[in-house]
Amino acid sequence: MHSLTQEIRSFSRANLRKQRTRVTTLTGRRIVETWRGACLQVEEEAEAAPGGGYVQDLSADLQVGVVKPWLLLGSQDAAHDLETMKKYKVT
């Protein structure tokens, strides 16, 4: 069985998929971010989103991911919800 340290040392960047991230600003401006080697390349798309790009989401996100029995991953909404905290036995 390999240790985490061995796994990290043997990891190659060639195994990563190419990733592009589209960011829409509050004003509707669209930017595409792409990693090239160790540099972040930022390009602006020609068209802006009509009517701006910000959509306010007022619904609570109560999803919690169990990474390990002692390690949970969730939003601040879940952290503020007492019933959710009780369900996952957070003290």
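Points worth noting:
- Per-residue ellipticity at 222 nm computed for the chain from its helices equals -4500 deg cm²/dmol, with DSSP H segments shorter than 4 residues left out and the rest contributing -39,500 (n - 2.57).
- Averaged over its residues, the chain has an accessible area of 94 Å² per residue, based on protein heavy atoms and a 1.4 Å probe.
- Calculated FRET efficiency, Leu71 to Trp35, Cβ-Cβ distance, R0 = 22 Å: about 0.20 to the nearest 0.05.
- Note on Lys68: lysines with a C-alpha under 24 Å away, same-chain residues under 8 apart excluded, are Lys86, Lys87, Lys89.
- Listed peptides 65-76, 7-18 by packing density, highest first (mean Cβ within 10 Å): 65-76, 7-18
- Unit charges on C-beta of K, R, D, E only; dipole of the chain, Debye: 540
- The chain - percent of accessible surface contributed by carbon and sulfur, probe 1.4 Å: 54
- In the chain, Rg over Rh equals 1.12, where Rg is the alpha-carbon radius of gyration and Rh the Kirkwood radius from pairwise Cα distances.
The values are calculated or read from the model by the stated rules, or taken from the named source; none is laboratory data. Keep in mind that what you see is a predicted model, and the values were worked out from it rather than measured. Cβ atoms come from the backbone with ideal geometry, glycine included; neighbour counts cover every protein chain shown. Ligands, DNA and RNA are excluded from the accessible area calculation, which covers all protein heavy atoms including side chains. Shrake-Rupley method; radii C 1.70, N 1.55, O 1.52, S 1.80 Å.
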